[in-house]
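See below for the structure under consideration.
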Amino acid sequence: MSNYAPIVIAVAAVLVIVSRLQRRGLLNLKSLGRRNADNRPRPKSNAPPRLGEIGLVAGREVRQRLRGRTFRIATGLLLVGVAAAVVIPVITKGHSQTEQVGIVGASTPSTRHAVAAAGRTADTDTNIVIEHDLASAEQALRSGSLDVAVIDGRRILVHKAATADDSFPRALAGLLGLASAARDAGLSTAQAAKLAHAQPLPVTSLEPAIANGAGRSTAAIGMIAMFILLTQYLTWTLIGVMEEKSNRVVEVLLATVRPLQLLSGKVLGIGIVVFAQAAIVGAFAFVLARIVGSDLLHGTAPLVLLSTVVWLLLGYAFYSWLYAGAGSTMERQDQVQTLAVPLGLPLIASYILGITVSSSGTAPIWFEVLAYLPPSAPFAMTTLVGLGEVEWWQFVLSAAITIVSACGVARLAAAVYRRAILRTGKRVPLRDLIRR
């Protein structure tokens, strides 16, 4: 997927499939509403078209969630986290510490040039301090007034062992080593300067290495956001259905709407809240990054970002019906935990595998198979897009399989919901509902 055309074709194909399924009555699930738990007659011909009752239930769900304290607290915490991730690096970069470099012995032009060049390599300022002897340099290192000490141009002294993040001492060591080798080889000053200014050879590739650049990092960030949003709102769906059943609110609602319409409206309403919150956080991050001049979002791969949004939608469409149907079999808070763990295992396992494979940079064959299985497809396909190891037709095929599977899961969840939502007193065993 080296350009925008494949992903645009993929998204267009998914939209065409969704449109046809809606026209055939598969996605709006009208065909499932012909039989109700209480055998009520079908609506009259002047009933609101398509999503009339479903839209009312969805609007009620949206208003209820947006007014809730949980949504406000969760959104506030997300915005604070995003603000910290965007602003803190800018503040830290703007107040970067100057490297204090002590020189013991003669301060030759080659040594000063090496210090300045190492500062440019590490993207930091440098300041040279002349020390009289080794003892005074060691004392300055221990007190913190010096960061690095160059001893007679032959060795470098630091207070603590340098780590992988200490780029300045490593760069300075390499440049001083090159200068020392030039002196030992008997090169003239001009020859040593020419050698010190040597530029590395350019490296080019036949294909863009998206797996090693912005694509892989964008996929990792997208999967983390997808996992957080799906976990939060799927739990909302599970607990919301359970609370309506335990509070007997559902009995009042079922007096005016069908069970299937109530279930569909709840799933649709929470889904709208999911993407509303995601849009708020995303817009806030981009606007704040532009205001403060952060480069945190620079280099974000647009194809991978678009793929993540598509699979967030498809992942919610698949899992939400499972959680909604399962919620109708419970009526107490302690029963939620018994179902939340098995329901969340495929989601957690897919997320862990996706992050692991994305970090490795190579997708094995068995992981490519997971991209076509609906429970793991949202994370597996996002990972493959980030690694650049998927064609547009594979993306479309996986999306089509997930959509069809979501319709099948919706049918099963609707049947479970109709049979279990009004049964109170104890948890309804799933095997009894399927047997019926």
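The values are calculated or read from the model by the stated rules, or taken from the named source; none is laboratory data. Because the structure is a prediction, the values reported are computed rather than measured. Ideal geometry is used to build each Cβ from the backbone, glycine not excepted, and the neighbour counts take in all protein chains shown.
Quick check: is even one residue across segment 389-406 crowded, with 19+ Cβ neighbours inside 10 Å, in contact (Cβ under 8 Å) with a residue 24 or more places away in the chain and of a type in the set (S, T, N, Q)?
yes
Residues that are surrounded by fewer than 17 Cβ atoms within 10 Å (Cβ to Cβ), in the same structural domain as ALA179 (by TED's automatic domain parsing) and modelled with pLDDT of 80 or more: does segment 89-106 have at least one?
Yes, there is a match, as at least one residue in segment 89-106 is surrounded by fewer than 17 Cβ atoms within 10 Å (Cβ to Cβ), in the same structural domain as ALA179 (by TED's automatic domain parsing) and modelled with pLDDT of 80 or more.
More than 15 Å from the chain's Cα centre (by Cα) and surrounded by fewer than 20 Cβ atoms within 10 Å (Cβ to Cβ) - does that describe any residue in segment 326-333?
For segment 326-333, residues more than 15 Å from the chain's Cα centre (by Cα) and surrounded by fewer than 20 Cβ atoms within 10 Å (Cβ to Cβ): present.
Which condition breaks for ILE210 when tested against (1) surrounded by 14 or more Cβ atoms within 10 Å (Cβ to Cβ); (2) modelled with pLDDT of 70 or more?
(2)
Hey, ALA13 hits all of (1) among the small types (Gly, Ala, Ser); (2) modelled with pLDDT under 70; (3) not assigned by TED's automatic domain parsing to the domain that holds SER264 but one; which does it fall short on?
It is condition (3) that ALA13 fails.
Within the set of pairs 6 or more residues apart or between chains, which connect a residue that is in the same structural domain as LEU176 (by TED's automatic domain parsing) inside segment 119-146 to a residue that is in a strand (DSSP E or B) and surrounded by fewer than 13 Cβ atoms within 10 Å (Cβ to Cβ) with Cβ atoms less than 9 Å apart?
If the second residue must be in a strand (DSSP E or B) and surrounded by fewer than 13 Cβ atoms within 10 Å (Cβ to Cβ), no pairs are left.
Are any of the residues in segment 372-386 more than 15 Å from the chain's Cα centre (by Cα), farther than 26 Å from TYR417 by Cβ and not acidic (Asp, Glu)?
Looking for residues that are more than 15 Å from the chain's Cα centre (by Cα), farther than 26 Å from TYR417 by Cβ and not acidic (Asp, Glu), one finds at least one in segment 372-386, hence yes.
Considering only residues of segment 287-305 that are surrounded by fewer than 16 Cβ atoms within 10 Å (Cβ to Cβ) and in a helix (DSSP H, G or I), which is modelled with the lowest pLDDT?
So the residue we want is PRO302.
For segment 230-262, which positions are surrounded by 21 or more Cβ atoms within 10 Å (Cβ to Cβ) and over 15 Å from ARG60 (Cα atoms)?
LEU230, TYR233, LEU234, LEU238, MET242, LYS245, ARG258, PRO259, LEU260
Assess whether ALA377 counts as being at pLDDT 90 or above, touching a helix residue (DSSP H, G or I) at 6+ places or on another chain (Cβ under 6 Å), of a type in the set (Gly, Ala, Ser) and closer than 16 Å to TYR316 by Cβ. Step through it out loud before you land on a result.
Details: at pLDDT 90 or above: yes; touching a helix residue (DSSP H, G or I) at 6+ places or on another chain (Cβ under 6 Å): yes; of a type in the set (Gly, Ala, Ser): yes; closer than 16 Å to TYR316 by Cβ: yes.
Judged against the criteria, ALA377 is a match.
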